[in-house]
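Participant: Have a look at the structure that comes next, please.
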Amino acid sequence: MDFDALFNAELDALKGEGNYRIFAELERRCGAFPRARNHSEGADEVTVWCSNDYLGMGQHPDVVKAMCDTAATCGTGAGGTRNISGTNRHHRELEAELADLHGKEEALLFSSGYVSNWAALSTLGSRLPNAVILSDALNHASMIEGIRHSRADKVIWRHNDAQDLDRKLAAVGPDRPKIVAFESVYSMDGDIAPIAEILDVAEKHGAMTYIDEVHAVGMYGPRGGGVAEREGLMDRITLIEGTLGKAYGCFGGYITGSKALCDFIRSFASGFIFTTALPPAVAAAARVSIRHLKDSEIERAQHRNRVARLRARLDAEGIPHMPNPSHIIPVMIGDPVKCRMISDILMNDWGIYVQPINYPTVPKGTERLRITPSPLHSDADIDHLVTALSSLWQQCALARAVA
Ligand SMILES: *Cc1c(COP(=O)(O)O)cnc(C)c1O
């Protein structure tokens, strides 16, 4: 059998839809963020406008130093799974830091945010007898896969709709364990869940709550504990999940909750047990990043300032972007081929890197550029981006928003 022909047929279909993904091969320049060397086609140096290293912590001198120093003292890899020789002092210190961040008894590290969602939800859904998982319609792929893998009954409620959740919870028998799974900041539209309303409903029905704060940790709340911290709701949430790979600029994922909950996941989750622990140097760097953002408001304040400035400049030029209460600025294109083309022109002619966001990351017809300003983008960077977009809007005859 010609397997390559089968693979290529699938790839050709993807290319025909305009949804084939092409990597931009960059080399991030520590100390010069958001600048990066470009090793793919286009300008030699680009300004990155789509990074999830939202605050530039990936190049923070203290974070970089912690990683280098710890690699020098502990070596590179952890050397094993957490159970078999892999647990290092740095893992436990990081877990204590995370538990404190969210005001919980305990935290548990994973290889990534994806793995933490997948492992925690699949374990909860499969190990809690007769459980039902109520999942927001726009939950991240890692949550969906975890729920699917658990084989628990799943009920999807309308996105951010606490009333729909209420109806759907009421329809589940009172004696079944219920898990309400949702996110705080949804990363593609940048909208934020009505957390208090969702908690009211969940508590009314005796459901446990599971929140993904991946796009909010480090970013919101006085100590970077996320939207739930900002709104004073952390203690009402059973499990808070986050990543060390986005605003904290490092790598890895985690859950926090009660001692019993974390011990339960630690003891039963295959995605925790059977994989090598995070490198100690990564754990040490993440801890420094978290500690820094617990004390420092400078990065968050400057970040909000940059987001507001870019929005105002886009408005002035009539470039349509989706209004939302977060730091994510989706500029809607609505066509996969155009979206790719605009992204290519930005890269080749303007030295601006914004990855096109196409299906299946977003629904067909809602293709977009997802722009993420950082505290390190200057006024000149913002002007350059807006000038480029404005020129492209002209060139491609795209609709402008009317003020
Ligand atoms: C990126 C993301 C994850 C996965 O986190 P990683 O640490 O990148 O694996 C989980 N949930 C959401 C909503 C995400 O956007």
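Participant: May I ask you to verify whether GLY190 is within 16 Å of the ligand (Cβ to nearest atom) and surrounded by 24 or more Cβ atoms within 10 Å (Cβ to Cβ)? It would help to see each step written out before you state the result.
Facilitator: Numbers: within 16 Å of the ligand (Cβ to nearest atom): yes; surrounded by 24 or more Cβ atoms within 10 Å (Cβ to Cβ): no.
Judged against the criteria, GLY190 is not a match.
Participant: With a cut-off of at least 1 residues that are over 18 Å from ALA207 (Cα atoms) and within 16 Å of the ligand (Cβ to nearest atom), name the helices (runs of 4 or more DSSP H) lying wholly within segment 112-170. If you could, list the steps in order and put the result at the bottom.
Facilitator: On the way: elements: 113-127, 141-150, 162-170.
Result: 113-127, 141-150.
Participant: Cβ-Cβ under 7 Å, sequence separation 6+ or interchain: first residue in segment 58-76 and within 13 Å of ARG287 (Cα to Cα), partner open to solvent by 30 Å² or more (accessible area, probe 1.4 Å). Which pairs?
Facilitator: These pairs meet every condition: HIS60/HIS292; ASP62/VAL288; ASP62/HIS292; VAL63/VAL288; VAL64/CYS30; ALA66/VAL288.
Participant: Moving on. LEU109: of a type in the set (A, V, I, L, M, F, W, C), crowded, with 21+ Cβ neighbours inside 10 Å and outside any helix (DSSP H, G or I), yes or no?
Facilitator: yes
Participant: GLU17 versus (1) within 22 Å of PRO330 (Cβ to Cβ); (2) in contact with a Gly (Cβ under 7 Å, 6 or more places away or on another chain); (3) among the acidic types (Asp, Glu): which is the lone unmet condition?
Facilitator: Among (1) within 22 Å of PRO330 (Cβ to Cβ); (2) in contact with a Gly (Cβ under 7 Å, 6 or more places away or on another chain); (3) among the acidic types (Asp, Glu), GLU17 violates only (2).
Participant: On to the next question. Which residues, counting only those in segment 323-333, are open to solvent by 50 Å² or more (accessible area, probe 1.4 Å) and touching a residue at least 40 places away in the same chain (Cβ under 8 Å)?
Facilitator: Scanning segment 323-333 gives a single hit, PRO325.
Participant: Go through (1) within 28 Å of CYS50 (Cβ to Cβ); (2) in contact with an Asp or Glu (Cβ under 7 Å, 6 or more places away or on another chain) one by one and return the number of the condition ARG158 breaks.
Facilitator: Single failed check for ARG158: (1).
Participant: Further, regarding this structure: Run ASP100 past the list (1) among the charged types (D, E, K, R); (2) free of Cβ contacts under 8 Å to residues at least 12 places away in the same chain; (3) closer than 25 Å to ARG370 by Cβ and report the number of the one that doesn't hold.
Facilitator: Here ASP100 meets the rest and fails (3).
Participant: Scan segment 211-257 for residues that are in contact with a Phe, Trp or Tyr (Cβ under 9 Å, 6 or more places away or on another chain) and among the aliphatic types (A, V, I, L, M) and jot them down.
Facilitator: Within segment 211-257, ILE211, VAL217, MET219, VAL227, ALA228, ILE237, LEU239, ILE240, LEU244, ALA247, ILE255 meet the criteria.
Participant: Take segment 357-403 and flag every residue that is in a loop (DSSP other than H, G, I, E, B), open to solvent by 50 Å² or more (accessible area, probe 1.4 Å) and closer than 16 Å to ARG35 by Cβ.
Facilitator: LEU376
Participant: Within the set of pairs 6 or more residues apart or between chains, which connect a residue that is within 19 Å of ALA285 (Cα to Cα) and touching a residue at least 60 places away in the same chain (Cβ under 8 Å) inside segment 253-264 to a residue that is among the aromatic types (Phe, Trp, Tyr) and within 16 Å of the ligand (Cβ to nearest atom) with Cβ atoms less than 7 Å apart?
Facilitator: Hits for this filter: GLY253/PHE110; GLY253/TYR114; TYR254/PHE110.
Participant: Return a yes/no flag: does segment 34-56 have any residue that is in contact with a Pro (Cβ under 8 Å, 6 or more places away or on another chain), exposed (fewer than 14 other Cβ atoms within 10 Å of the Cβ) and at pLDDT below 95.
Facilitator: To start, the set of residues in segment 34-56 that are in contact with a Pro (Cβ under 8 Å, 6 or more places away or on another chain) comprises 47-49, 51, 55-56.
Checking the rest, the ones that are also exposed (fewer than 14 other Cβ atoms within 10 Å of the Cβ) come to none.
No, every residue in segment 34-56 fails to be in contact with a Pro (Cβ under 8 Å, 6 or more places away or on another chain), exposed (fewer than 14 other Cβ atoms within 10 Å of the Cβ) and at pLDDT below 95.
The values are calculated or read from the model by the stated rules, or taken from the named source; none is laboratory data. What you see is a predicted model, and the numbers here were worked out from it, not measured in a lab. So basically every Cβ, Gly included, is an ideal-geometry build from the backbone, and we count neighbours across all protein chains shown. Quick note on the areas: whole protein, heavy atoms, side chains included, nothing else; ligands and nucleic acids left out. Shrake-Rupley method; radii C 1.70, N 1.55, O 1.52, S 1.80 Å.
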